[in-house]
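The values are calculated or read from the model by the stated rules, or taken from the named source; none is laboratory data. The structure presented is a predicted model; accordingly, all values stated were derived computationally and were not measured. For accessibility, only protein heavy atoms count, side chains too; no ligands or nucleic acids. Shrake-Rupley method; radii C 1.70, N 1.55, O 1.52, S 1.80 Å.
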Amino acid sequence: MEWKTRLTGLLGCKYPILQGAYARLGDWKFAGAVSKAGAEGCLTASTSRTPDKLREDIRRCRDASDGNPFSVNLSVGFCPHIDEMLEVALEEGVHTIETAAYNGDKYGRRAKEAGAKWIHKTATIKHALHAEEQGADAVIIVDLEGIGFKNVSQLPTMTTTTWAVKQLKVPL
């Protein structure tokens, strides 16, 4: 079966499935395997720790994914050397940059200027709408059931998804 969705069209993946960033686990091996299988693998920049190591990991991920697309996650406030990490990802031709946790506008704008897609991961619809207004190509909303940092305004998945799809124009 061939999937044709707004997300597969945007990212160039076979299936409309995005790997989570998985702090400390989202390495090139994991992201490469996910992308090779046809979903969108996500290399977590903070797992690489340094810009030089990220460059090496991007190259390894590209080989492991058989050239299939993958993204690089930059968790704002948690990713060391975030500005340099973003530049390395862009220099290496990563097609999608994912920002997460806090306001990713600065990094999203830079990614889009370089011709990359920008996905922002957030905890609330309000912040997803803000990212859309700032030019995000897609958003991810992590609800109460998701792991990671929480926001007092978060809602359960079914409530958030139902409400968000009525308000957002970009893929969710």
Segment 38-77 - convex hull of the alpha-carbon atoms, volume per residue in Å³: 59 Å³
In Å², nearest 10: area of ARG49 left accessible to a 1.4 Å probe: 140 Å²
Label assignment, Kirkwood radius over Cα pairs in Å derived from the structure, set [x] 17.6; [y] 15.8; [z] 16.9: [y]
Where TRP3, TRP118 fall by accessible area, highest first, once all protein chains stay in place (1.4 Å): TRP3, TRP118
Distance violations [Cα-Cα > 21 Å] among LYS4/LYS126; LYS112/LYS169; LYS36/LYS112; LYS4/LYS169: LYS4/LYS126; LYS36/LYS112
Nearest-10 value in Å² for the accessible area of HIS120, using the 1.4 Å probe: 10 Å²
Cross-link reach list, lysines versus LYS53, counting only Cα pairs under 19 Å and skipping chain neighbours closer than eight places: LYS29
Along each principal axis, Cα extent of segment 1-103, largest first, Å: 41, 29, 23
Taking N as its residue count, the alpha carbon Rg of segment 1-50 over 2.2 N^0.38 Å: 1.20
